[in-house]
1. Filter segment 35-49 down to residues that are more than 16 Å from the ligand (Cβ to nearest atom) and surrounded by 14 or more Cβ atoms within 10 Å (Cβ to Cβ), then give me how many there are.
2. Determine, yes or no, whether Pro73 is away from the ligand (no atom under 16 Å from the Cβ) and closer than 18 Å to Pro307 by Cβ.
3. What pairs come out if I take residues in segment 44-73 that are over 28 Å from Ser85 (Cβ atoms) and pair them with residues that are aromatic (Phe, Trp, Tyr) and more than 8 Å from the ligand (Cβ to nearest atom) whose C-beta lies under 9 Å away, six or more apart or interchain?
4. In segment 32-76, what residues are out of contact with any Ser or Thr (no Cβ under 7 Å at 6 or more places or on another chain), under 30 Å from Arg127 (Cβ atoms) and part of a loop (DSSP other than H, G, I, E, B)?
5. Exactly one of (1) modelled with pLDDT under 90; (2) of a type in the set (A, V, I, L, M); (3) over 27 Å from Gly290 (Cβ atoms) is unmet by Leu11. Its number?
6. Give me the residue from segment 81-107 that is aliphatic (A, V, I, L, M) and at pLDDT below 90 and, out of that set, nearest to Gln125 (Cα to Cα).
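The values are calculated or read from the model by the stated rules, or taken from the named source; none is laboratory data. Every value quoted in this text rests on a predicted model; they were computed, and no experiment measured them. Neighbour counts are summed over all protein chains in view; Cβ atoms, including those assigned to glycine, are modelled from backbone coordinates with ideal geometry.
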Amino acid sequence: MNRRQTIPKHLRYTIHDFNEQFPTDESCLEHLKEQRFPGGITYCDKCQQDRKHYKITGRPVYSCDHCGTQISPMAGTIFEKSTTSLRLWYYAMYLLASTRCGISAKQIQRETGVTYKTAWRMFRQIRSLLSEADMQLEGAAIEMDEMYVGGKSKGHAGRPMRGDKQKSPVIGMVERSTPEKIGRVKALATPDVTTNQILGLVHEYILPESTVFTDEYAVYDRLGARVKEHKRISHSSKGYVMGDVHTNTIEGFWSLVKRGICGVYHQVSQKYLQSYLDEYSFRYNRRDQGNLIFTSLLRRVSELAAPRAVGDRGMSRA
Ligand SMILES: [Zn+2]
């Protein structure tokens, strides 16, 4: 299936669009400035009043035309202190937003000529924007399941055999889509999977009036007391759909993650596992937005930028 063709026209954003919108470092800087200072930089912290600012040629800063105080739109963002071209950052974000299974640092290295280390650091920074830690699941029907990354032994459903410390567990919860709204996912890397952990996550992320679907694994045993209804798919019928009792939605997400981690990233250390899960979840939760996921990602740069050192009045005075 060619997924590109399924994206409605108004949601398409191709590499051609990218090249047109962001032909140069300057155009990216201008875009970043508009995101952080809509309507332009108007306020000078030092003069403590509105002042005209002008761009300093050859440098990514704007200067107050009265006192000369300089403001960089990159300050406080993931681009601060980077010597990599801003356009390359934008391009890396475009690629990360428009693939389905992720993009490797190796590919950026090949395409653009930056070192592997630089490419890897860029992606780590970009991924740091993708966490949706506070997001609650609101769907009436939620599927919950775990998967395991790495390790060799295969217990039931890929669950680790006793003593298998190499597998890193991930607990996932996903809303089932409705005609009005696509279902969103929450995926968390955890040191282990216990009943208490499961109950804690249910309490934190799932509404009490939801119905939750799991399999028969014992860690889900006490879940029913916390939600409206707990429906379980029996092991013997795993893989089959018994009416609405299935976990196919979360399994679909797992296969996306596995394809990416095995196929694109090859292996992911425990330390960075959560950031990769955040990357997959970010795209999954916006899969109805086509390639405009890129726009959401660009917005995150400004949303998560550190506030300016001296007040943030300049930012709110749009
Ligand atoms: Zn000034």
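1. 2
2. Yes.
3. Gln49/Tyr43; Asp50/Tyr43; Arg51/Tyr43
4. Phe37, Pro38, Ile41, Arg59, Ser72, Pro73, Met74, Ala75, Gly76, listed by residue number.
5. Looking at each condition in turn, Leu11 falls short on (3).
6. Ala105
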